[in-house]
Amino acid sequence: MKYLFALVLITLMGCTTQPLPEPNITTNDTTIINDTVDGNISSFEECAAAGNPIMESYPRQCRAGDQIFVSLDDLFHASMDTGCTEDSDCILVDESLGFSCCYEGACAQIDYSEDKWIAVNSTWFGVQRNKYCPNDCGPAPGCPTQIINDSFEAVCSNGFCEKTELPFMNQSNITEAPENASNKTLSVKGLKFGQYSLVLDDVVLPAYDATCGAFSILDQNGSTVDNLLICEKRSKNWISPDGQEYRFFVVKVAAGYSYQEAWADVRIYG
């Protein structure tokens, strides 16, 4: 996997007797030179809006007293990594929001067809987001995710993450039996595609931060052909015994509580 690292270049104009200290970028796009922190300014944008000097560097930096604020937007583009070895290495992110710190854009409608949604390396995005975004953002907003167009996804093509549109085949919600049912083996219930059915067996939370669905693929006789684990906002290719290729994209998975059914919103392409 290829990793790109942000390089800070500083050009000093004119003569100076004391060089600027080497930046040590920390969270909240702030470099603290001394221990003095100005509580009125907390970001590069606020620093620039207050009329403080902008250094001729990339990423751009703004000095406010004893603080240097670095542009997170510049850091996002300067360090961007799109390298990959498989589809699971890639994710679609909103380029206009950069690292999407502190739930930024959480309540906006999601249309993956818009140009602002780009494919990047998911590990790079997660590491950089944890590095530069504040640790304490307060409670998450209570608004639900609104996806109005999910016919695009990030895939790995020739070693780079790319956004691609998927041919539409079928879409539906599929459910498993209620939690109080003694038998959760579903031979005829599920989402049908071709000669097969996709059945949600369970909702699981692996070691990483994702909600996933454990699915079975059944043939027309109700026999299990394959088992798949697919997490939210992820897809997986599957080739049937007769050679037909399908792609399953999981939009949402939710566990059922108080005798309600667990469910999954799945798109099937092929």
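The values are calculated or read from the model by the stated rules, or taken from the named source; none is laboratory data. Small disclaimer: the values here were computed from a predicted structure and weren't measured. Note: ideal-geometry Cβ built from the backbone for every residue, glycine included; neighbour counts use all protein chains shown.
Observations on the model:
- Residues within segment 214-245 that are of a type in the set (Val, Ile, Thr) and within 23 Å of residue 165 (Cβ to Cβ), tallied: 2
- When 250, 204 are checked against the criterion of being modelled with pLDDT under 90, among the β-branched types (Val, Ile, Thr) and either under 28 Å from residue 95 (Cα atoms) or assigned by TED's automatic domain parsing to the domain that holds residue 116 (or both), 250 stands alone in meeting it.
- Scanning segment 115-133 turns up one or more residues that are assigned to a loop (DSSP other than H, G, I, E, B) and farther than 27 Å from residue 69 by Cα.
Yes/no per residue for (1) within 15 Å of residue 94 (Cβ to Cβ); (2) touching a helix residue (DSSP H, G or I) at 6+ places or on another chain (Cβ under 8 Å); (3) modelled with pLDDT of 85 or more; (4) not aromatic (Phe, Trp, Tyr):
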position: 117; (1), (2), (3), (4): yes, yes, yes, no
position: 130; (1), (2), (3), (4): no, no, yes, yes
position: 149; (1), (2), (3), (4): yes, no, no, yes
position: 160; (1), (2), (3), (4): no, no, yes, no
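- Residue match in segment 33-46 (condition: at pLDDT 85 or above and more than 21 Å from residue 136 (Cα to Cα)): no
- Extreme residue, modelled with the highest pLDDT, among residues of segment 69-97 that are among the small types (Gly, Ala, Ser) and under 25 Å from residue 166 (Cα atoms): 83
- Among the residues of segment 49-108, just one is free of Cβ contacts under 8 Å to residues at least 40 places away in the same chain, among the polar types (S, T, N, Q) and part of a helix (DSSP H, G or I), namely 96.
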